[in-house]
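Enquirer: This is the structure I want to talk about, given as structure tokens.
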Amino acid sequence: MEAKANGPSVNAGRVMDGPTNPMVTPLLTDLYQFTMAYAYWKAGKHNDRAVFDLYFRKNPFGGEFTVFAGLEECIKLIANFKLTEEEISFICETLPGSCEEGFVKYLRNIDCSDVEVYAISEGTVVFPKVPLLRVEGPVAVVQLLETPVLNLVNFASLVATNAARHRLVAGKSKMLLEFGLRRAQGPDGAISASKYCYIGGFDATSNVAAGRFFGIPLRGTHSHAFVSSFMSPDEILERSLHRSDGSSTCEDFVSLVQSWLSKIQWSKALGNSVGETNQSELAAFTSYALAFPNNFVALVDTYDVMRSGVPNFCAVALALNDLGYKSVGIRLDSGDLAYLSGEARKIFQIIEKEFELPGFGKTSITASNDLNEETLDALNKQGHEVDCYGIGTYLVTCYAQAALGCVFKLVEINNQPRIKLSEDVSKVSIPCKKRCYRLYGREGYSLVDIMTGENEPCPKVGERILCRHPFNESKRAYVVPQRVEELLKCYWPGKSGKVREELPALKDIRDHCIKQLEQMRPDHIRRLNPTPYK
């Protein structure tokens, strides 16, 4: 299944489809946004031209990088931002005091046609203080966008970053499956997590709804309940299985499996280490193989992994091989994953050599069971034979950190810079409308992100530029960039007439994220004691 293309489409007169979640409406905001809108209107300031920056102050998970996500849903919200009569009535009933009829008329006409949105491309590796989005427009309207936009960016970026960190620890060669639906924070938390884990580098999800909405590849096997629901092979009524090429039919696949189990049990190469296996488990595996001969994966830890699960899997896999099918592999969901994966690999390799089955030794081994960054790191240090990880709870709930903490701050109004001061330096905002650039060195790695005033000259390739830290005068560096990338692009021009960046396909966002991580110096993205990015 291929990821679907995102972007504008004509639908019932809309510029593009609305947000994935129908609950994302203009009312998905804090009450004070509407009270401020009324006060702006009452003061005659509602059309003052304002500029807001959305950014975060600190990288999550103790790391030194973040993956920006959620932009597409923000643009879909902005493109369809319109209050219904029922929503307006509810707002007027909710606001303290009485709403004047003029404000009601104003709410009826509110949309984002006079709003401009500049953003960093979704899937980009980003850093604190640099604006992810710059939103310009009438102050009352942009104020109404604050809460929903923060809601759409905060969790999305946190999950994408969490997924990227798991990808970095697992390595490029391992397959990562997102298995978090049942543990996620409600339906939308689950759907969002599936989407943004995919952007962060996961290969597939178990979430069928996410597969339908976004075209994310789906993967799944069976549960322990399926295995334990069988009592014996006698329960299998339909025993025939066509060869993969359709040339003939095996009338009794169950007997073929039993004959292969006997060969495995009597194999001298295995040192007679395989004894009597659990026949109800064998029946479950056989039944599942009859249903999915091209995609046979067995959950092997229901009873005993090495004495029953792995030998039973091998018997069914070898029977399938006789009929031209190739089994996918096994899944381990408990126990010592490093040890069990290593022992299972040894058996696969022995069987490959014993029965002359090229490639059987490389049969895929999937591990699950509450995995997280620390577990993957520990497995790497111990040594293991796992090819694929199924990760759920710690991934989709972002167990290691509750929130990213993006903020939305006014930086300019009517062409006048504005600043928020605080005794806590980290909370001081950087005023004025800005342009943001990423400077790259000779090796292709990004060196520094730099912000300038809108009308200041942009950095040029080959020219030395002095970069200064916005809050620490002693931190400064001269840089001679070999490549300059402007980060903020126009994704919603309103009625300005500017060229709008197209929203890419989800898979393209994922590829962009992976490429971005490759362009970062390894010490910036390592798990332990990463070097802060300038």
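Enquirer: Size of the dipole of region 217-371 about the Cα centre, Lys and Arg at +1 and Asp and Glu at -1 on the beta carbon, nothing else charged, in debye to 20?
Expert: Computed charge dipole of region 217-371: roughly 460 debye.
Enquirer: To continue, here is another question. Pairs K195/K495; K42/K427; K76/K489: which are spaced more than 20 Å apart, C-alpha to C-alpha?
Expert: K195/K495; K42/K427
Enquirer: Still on this structure, I have one more. Calculate, in nm to one decimal, what I419 and E463 gain on full extension: separation in residues at 0.36 nm each, minus their alpha carbon distance.
Expert: Fully extending the segment from I419 to E463 adds 12.7 nm.
Enquirer: Any idea what the relative contact order of the chain is, in percent, if you count C-alpha pairs under 8 Å spaced at least 6 apart?
Expert: About 20 percent, as a whole number.
Enquirer: Here's a follow-up. Counting alpha carbon pairs within less than 8 Å and at least 6 residues apart, what relative contact order, in whole percent, applies to region 169-397?
Expert: Taking the mean separation of contacting Cα pairs over the length of region 169-397, I get 23 percent.
Enquirer: Can you compute the FRET efficiency between E87 and M175 using 1/(1 + (r/R0)^6), with r the Cβ-Cβ distance and R0 = 51 Å? Round to the nearest 0.05.
Expert: That pair, E87 with M175, gives E of 0.70.
Enquirer: Can you tell me how much longer the chain between N529 and Q382 gets when fully stretched, taken as 0.36 nm per residue apart minus their C-alpha distance, in nm with one decimal?
Expert: 50.8 nm
Enquirer: Here's another thing I want to ask about it. Assuming R0 = 45 Å, what is the FRET efficiency of D30 and H224, from their Cβ-Cβ distance, to the nearest 0.05?
Expert: 0.55
Enquirer: If each Cα of region 402-474 is one equal point scatterer, what is log10 of I(q)/I(0) from the Debye formula at q = 0.13, 0.22 Å⁻¹?
Expert: -0.53, -1.16
Enquirer: Hey, what angle do you get for helix 31-42 against the long axis of the chain, alpha-carbon based, 0 to 90 degrees rounded to 10?
Expert: Tilt relative to the chain: about 20 degrees.
Enquirer: Once amide H atoms are built 1.01 Å from N in the peptide plane, which residues 5 or more positions from R418, or in another chain, come under 5 Å H to H?
Expert: For R418, whose amide H was placed from the backbone, the distant partners under 5 Å are E412, I413, C432.
Enquirer: Set the Förster radius R0 to 41 Å, insert the Cβ-Cβ distance between E251 and E356 as r into 1/(1 + (r/R0)^6), and round the FRET efficiency to 0.05.
Expert: E(calc), rounded to 0.05, equals 0.95.
Enquirer: In deg cm²/dmol, rounded to 500, what helix-only [θ] at 222 nm does the chain give when every DSSP H run of at least 4 residues adds -39500 (n - 2.57) and the total is split over its residues?
Expert: Computed ellipticity for the chain at 222 nm equals -10500 deg cm²/dmol.
Enquirer: For E276 and Q482, compute 0.36 nm times the residue count separating them, minus their Cα-Cα distance, and round to one decimal in nm.
Expert: Separation in residues times 0.36 nm, less the Cα-Cα distance, equals 67.5 nm.
Enquirer: Compute the convex hull volume of the Cα atoms of region 48-132, divide it by the residue count, and report the result per residue in Å³ as a whole number.
Expert: Per-residue hull volume (Cα only) is 154 Å³.
Enquirer: Now for a different question. Taking the mean number of other Cβ atoms within 10 Å as a proxy for protection, how do you rank 326-336, 152-162 from highest to lowest?
Expert: Highest-to-lowest ranking by the protection proxy: 152-162, 326-336.
Enquirer: Right, another one. Cα centroids of region 85-150 and region 174-240: how far apart, whole angstrom?
Expert: 37 Å
Enquirer: Moving on to the next point. How do D370, D252 rank by accessible surface area computed with a 1.4 Å probe, from largest to smallest?
Expert: Final ranking, largest accessible area leading: D370, D252.
Enquirer: Next question. Note down the net charge around H469, summing +1 for each Lys or Arg and -1 for each Asp or Glu among other residues with Cβ under 14 Å from its Cβ.
Expert: Computed value for this residue: +3.
Enquirer: To continue, here is another question. What nm value, rounded to one decimal, do you get for the distance between K326 and S259 when each label is placed 7 Å out toward the C-beta?
Expert: 2.4 nm
Enquirer: Still on this structure, I have one more. Once Rh for region 428-510 is found with the Kirkwood sum over Cα pairs, what is the Stokes-Einstein diffusion coefficient at 25 °C and 0.890 mPa s, in µm²/s?
Expert: In µm²/s, the coefficient rounds to 164.
Enquirer: Still on this structure, I have one more. Which order do the peptides 133-139, 412-418, 286-292, 211-217 come out in when sorted by mean C-beta neighbours inside 10 angstrom, highest first?
Expert: Going by the mean number of other Cβ atoms within 10 Å, highest first, we get 133-139, 286-292, 211-217, 412-418.
Enquirer: While we're looking at this one, here's another question. Over the chain, what is the percentage of antiparallel beta bridges among all DSSP beta bridges, to the nearest 5?
Expert: Of all bridge pairs located within the chain, approximately 70 percent are antiparallel.
Enquirer: Quick one: go through region 280-307 and flag any residue whose amide nitrogen is under 20 Å from the point 7 Å out along the Cα-to-Cβ line of H242.
Expert: Residues 287-296 fall inside that zone.
Enquirer: Can you tell me the Rg and the Dmax, both Å, for the Cα atoms in region 169-397?
Expert: In Å, with Rg to one decimal and Dmax whole: 18.1, 54.
Enquirer: For K105, K427, give me the order by solvent-accessible area with a 1.4 Å probe, most accessible first, ignoring ligands, DNA and RNA.
Expert: K105, K427
Enquirer: Looking only at region 166-191, which residues have a backbone nitrogen under 20 Å from a spot 7 Å from the Cα of D370 in the C-beta direction?
Expert: 166, 177-186
Enquirer: Leaving ligands, DNA and RNA out of it, rank F285, F355 by accessible area with a 1.4 Å probe, largest first.
Expert: The most accessible residue leads, giving F355, F285.
Enquirer: Would you mind listing how long region 293-381 runs along its three principal axes, going by Cα atoms, in whole Å with the largest first?
Expert: Largest to smallest, the principal-axis extents are 41, 23, 22 Å.
The values are calculated or read from the model by the stated rules, or taken from the named source; none is laboratory data. As the structure is a prediction and not an experimental result, all values here were calculated from the model. Cβ: placed from backbone, ideal geometry, glycine included. Neighbour counts: every protein chain shown. Surface accessibility is based on the protein's heavy atoms, side chains included, excluding ligands, DNA and RNA. Shrake-Rupley method; radii C 1.70, N 1.55, O 1.52, S 1.80 Å.
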